[in-house]
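Worksheet for the structure shown next.
The values are calculated or read from the model by the stated rules, or taken from the named source; none is laboratory data. This is a predicted model, so every value here is computed, not measured. Here the Cβ positions follow ideal geometry from the backbone for every residue, glycine too, while neighbour counts run over all protein chains shown.
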Amino acid sequence: MSLAAEVPPERRTIFAMGGGGFTMEPANPLLDDYVLSLARSPRPRLLFLPTASGDTTGQINAFYARFAGRPCEAQHLSLFRLAELRRPLAETVLDQDVVYAGGGSLRNLLALWRAHGLDELLVRAWRHGTVLAGLSAGAMCWFQGGVTRSDGAPAPLAGLGLLRGSLTVHADGEPERLPVWLAAVRAGELPGGWALDDGVGLLFRGERLARVVSSRPGAGGQRVDAIAGELVRRRLEPELLGAAATPAPLDDDVQELRRVQRLRARAPRRL
Amino acid sequence: MPASEPQILALGGGGFSMERENPMLDDYVLALASRERPRVCFLPTASGDADHYVVRFYRRFSATCAASHVSLFRRDQGTGGVEENIAQHLLAQDVIYVGGGNVVSMLGAWRAHGLDVVLQRAWARGIVLCGPSAGSLCWFAEALSAFHGSGRRVRGLGLLPYSNCVHYDAEPQRREQYRRLVGEGMRPGFAAEDGVGLHFRGTRLQRAVSSRPGARAYRVESGGDGTACETPLEVHYLGESGSVGDDLGVEDDLGVGDGQSVRDGQSVGDGAGVGAERSLSAGGPVSAAAEHSGMRQTATRAAA
């Protein structure tokens, strides 16, 4: 195992996306290329964690479809199929330049990482200079808390807490999440933090927000804090990546899924 | 509500996911439910709620049972699984059938959703609990979860105050590691080969049954000097006497339901190196698909 030395706190890197990347933007590689550009190596070792989805083949295939032709050594890790691993878990995780966590259920992601001790390995990797990246559940997990739909209706949930503050995702694509998050921040159930649209990513160096980028024109986000019981909201202005590129619309399937979800969310059985 | 003493059928391997042509163990479970059309709920957690596994469950049980499943991964996506009040649903079953896969992942997810407590209550109420592989290990106080030689001692739900080892014949390393762990002080327990079901009433082993003639199970305890001592159990073959195991259903296509197949250990139609299945020795006895009986997924969504 070639574990590099710990890097100073200001060089520890996390890239958290509100949505986007290969699972949600198959025709738009801007965010994924940006993730690769953050690595310390020109040909980074890149590990995908599809844990939050239950390690779906679809996510795993989309990962390889995106990264197989790019300058990196791509590998995935399934906690449901550990027999596939050629090396022990710790060795596999600690030997990466980038770890990329997929979307799905935040509650399950955290439970499974903890059951296998992966949470501690990831913290170690981060301290040693591995870039932690992810979208949706795979983004909120790095913060003190987020909003999960693991149990159907959106609800606040604590994360690993590597970054101060909370995060909520898909602010445009799944609008039912945002009010739950705002209420939790106002009530002090979650610390203040960020709400991100699909396609928007936050780059943290250590605890400091260093950059806000986006893969789509018009996508944005906000920073929200509760001050004396009132919400103070500030708009984020993301830098559009690859400004020359044409915007890619959301995948049809994703759009349809969301329409269904919105209908379901409005159904009377919900609280 | 079933009013009977707690029952568990712990399979060393077998049942619908591993023995497609052999219904004996699943029929045995249904008979324990003592109801004409039993309510059977499938928990595919250990596979990451693999779609094809769920499909296979319904194919096997929906004709004769009131079949349902609970998914902990796709609760917001309308996959047909039970979504509202999972606890209430589980406690209204006659049988809870737990699928194979990774036992550590399964227990982690169960605990995060409070299912460990629910299953204990279900057991106490007399709802029959069963499952192969991870679906066996989970009921015991301790278990060996083994993957390619890296055996791991796992704390289960502890309904049965013993240790457990599965696939005892199919994976020699498991046997070796289990014997070593018991010799080193893991509590005594039971080891079962593929095709064997250990039927417990309360915490007492009632009988060992099998879907394959000659399949074995053992009581394993410390020999006192760092070694383990195996005592063979009497195993009752559920088939007609004299029948040969021609119909044992060697799985050569674990990827049922998603058009992918595995033959002779080669992953077919899957260029991305996601071949999850273990090598199946062609023509051999049903090779255990480890604790993960051919998990594959078709869904692809990123919804947190």
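In the set (1) within 18 Å of B:ALA215 (Cα to Cα); (2) in contact with a helix residue (DSSP H, G or I) (Cβ under 9 Å, 6 or more places away or on another chain), the condition left unmet by B:GLU171 is number (2). Inside the range B:109-164, can you point out the residues that are under 26 Å from B:SER4 (Cα atoms), hydroxyl-bearing (Ser, Thr, Tyr) and under 16 Å from the mean Cα position of the chain (by Cα)? B:SER133, B:SER136, B:SER163, listed by residue number.
Results for (1) in a helix (DSSP H, G or I); (2) facing chain B (nearest Cβ under 9 Å); (3) free of Cβ contacts under 8 Å to residues at least 40 places away in the same chain; (4) among the β-branched types (Val, Ile, Thr), shown as yes or no for each residue.
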| site | (1), (2), (3), (4) |
| --- | --- |
| A:ILE60 | yes, yes, yes, yes |
| A:ALA65 | yes, yes, no, no |
| A:GLY69 | no, no, yes, no |
| A:ARG87 | no, no, yes, no |
| A:VAL93 | yes, no, no, yes |
| A:GLY103 | no, yes, no, no |
| A:ALA111 | yes, yes, yes, no |
| A:ARG114 | yes, yes, yes, no |
| A:GLU120 | yes, no, yes, no |
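Quick one: is B:GLU5 more than 14 Å from every other protein chain (Cβ to nearest Cβ), crowded, with 24+ Cβ neighbours inside 10 Å and in contact (Cβ under 8 Å) with a residue 60 or more places away in the chain? It is false that B:GLU5 is more than 14 Å from every other protein chain (Cβ to nearest Cβ), crowded, with 24+ Cβ neighbours inside 10 Å and in contact (Cβ under 8 Å) with a residue 60 or more places away in the chain. Identify all residues within the range A:33-58 that are closer than 28 Å to B:LEU72 by Cβ and part of a helix (DSSP H, G or I); write none if there are none. The answer is A:THR51, A:ALA52, A:SER53, A:THR57, A:GLY58. The set of residues in the range B:114-144 being assigned to a helix (DSSP H, G or I), surrounded by fewer than 24 Cβ atoms within 10 Å (Cβ to Cβ) and touching an Asp or Glu at 6+ places or on another chain (Cβ under 8 Å) is empty. May I ask you to verify whether A:GLY152 is at the interface with another protein chain (Cβ under 8 Å from one of its Cβ atoms) and buried (at least 24 other Cβ atoms within 10 Å of the Cβ)? No, not satisfied. Here B:ALA170 passes the criteria (1) among the hydrophobic types (A, V, I, L, M, F, W, C); (2) touching a Cys at 6+ places or on another chain (Cβ under 9 Å); (3) over 30 Å from B:LEU90 (Cβ atoms) except the one numbered (2).
Screening B:CYS165 against (1) within 24 Å of A:LEU89 (Cα to Cα); (2) within 14 Å of chain A (Cβ to nearest Cβ); (3) touching a helix residue (DSSP H, G or I) at 6+ places or on another chain (Cβ under 7 Å) leaves a single unmet condition, (2).
When only residues in the range A:122-141 that are within 13 Å of another protein chain (Cβ to nearest Cβ) and of a type outside the set (S, T, N, Q) count, which is surrounded by the fewest Cβ atoms within 10 Å (Cβ to Cβ)? Only one residue fits best here, namely A:GLY134.
Here's the yes/no breakdown for (1) surrounded by fewer than 23 Cβ atoms within 10 Å (Cβ to Cβ); (2) among the hydroxyl-bearing types (Ser, Thr, Tyr); (3) at pLDDT below 95; (4) assigned to a loop (DSSP other than H, G, I, E, B):
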{"position": "B:PHE190", "(1), (2), (3), (4)": "no, no, no, no"}
{"position": "B:ALA215", "(1), (2), (3), (4)": "no, no, no, yes"}
{"position": "B:TYR218", "(1), (2), (3), (4)": "no, yes, no, no"}
{"position": "B:SER241", "(1), (2), (3), (4)": "yes, yes, yes, yes"}
{"position": "B:GLY259", "(1), (2), (3), (4)": "yes, no, yes, yes"}
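On the given criteria, is A:ALA115 touching a helix residue (DSSP H, G or I) at 6+ places or on another chain (Cβ under 6 Å) and either modelled with pLDDT of 95 or more or surrounded by fewer than 24 Cβ atoms within 10 Å (Cβ to Cβ) (or both)? Criteria met by A:ALA115. Look through the range A:39-61, keep the residues that are small (Gly, Ala, Ser) and surrounded by 23 or more Cβ atoms within 10 Å (Cβ to Cβ), and return whichever of them is farthest from the chain's Cα centre (by Cα). Within the range A:39-61, the match that is farthest from the chain's Cα centre (by Cα) is A:GLY54. Out of curiosity, is A:VAL185 closer than 19 Å to A:THR23 by Cα, among the hydrophobic types (A, V, I, L, M, F, W, C) and surrounded by 16 or more Cβ atoms within 10 Å (Cβ to Cβ)? Taking the combined requirement at face value, the residue does not satisfy it. Here B:GLY100 fulfils each of the conditions (1) more than 9 Å from chain A (Cβ to nearest Cβ); (2) surrounded by fewer than 24 Cβ atoms within 10 Å (Cβ to Cβ) apart from (2). When the range B:8-29 is filtered for residues that are surrounded by fewer than 22 Cβ atoms within 10 Å (Cβ to Cβ) and hydroxyl-bearing (Ser, Thr, Tyr), only B:TYR28 remains. If you filter the range A:71-85 down to residues that are touching a Phe, Trp or Tyr at 6+ places or on another chain (Cβ under 6 Å) and buried (at least 20 other Cβ atoms within 10 Å of the Cβ), you find that the one that is nearest to the other protein chains (Cβ to nearest Cβ) is A:LEU82.
Considering only the range A:166-182, state which residues are buried (at least 16 other Cβ atoms within 10 Å of the Cβ) and part of a loop (DSSP other than H, G, I, E, B). Matches in the range A:166-182: A:VAL169, A:HIS170, A:ALA171, A:ASP172, A:GLY173, A:GLU174, A:GLU176. Condition first: among the β-branched types (Val, Ile, Thr) and either free of Cβ contacts under 8 Å to residues at least 24 places away in the same chain or not in a loop (DSSP other than H, G, I, E, B) (or both). Can you find one or more residues in the range B:68-85 that meet it? There is no residue in the range B:68-85 that is among the β-branched types (Val, Ile, Thr) and either free of Cβ contacts under 8 Å to residues at least 24 places away in the same chain or not in a loop (DSSP other than H, G, I, E, B) (or both). Among the residues making up the range B:5-31, those that are closer than 20 Å to B:HIS89 by Cβ and outside any strand (DSSP E or B) are B:PRO6, B:VAL29, B:LEU30.
Screening B:PRO38, B:PRO23 for residues that are away from chain A (no Cβ under 14 Å), touching a strand residue (DSSP E or B) at 6+ places or on another chain (Cβ under 8 Å) and farther than 22 Å from B:ASN102 by Cα leaves exactly one candidate, B:PRO38.
Does B:ARG59 satisfy the criteria of being surrounded by fewer than 21 Cβ atoms within 10 Å (Cβ to Cβ) and either within 16 Å of B:CYS130 (Cβ to Cβ) or β-branched (Val, Ile, Thr) (or both)? So B:ARG59 does not fit the description; no. If you go through the range A:9-31 and keep only what is within 13 Å of another protein chain (Cβ to nearest Cβ) and surrounded by fewer than 24 Cβ atoms within 10 Å (Cβ to Cβ), you end up with just A:PRO26. Taking the criterion of being in contact (Cβ under 8 Å) with a residue 60 or more places away in the chain and not in a strand (DSSP E or B), the residues of the range B:147-186 that qualify are B:PHE147, B:LEU159, B:VAL166, B:HIS167, B:TYR168, B:ASP169, B:ALA170, B:GLU171.
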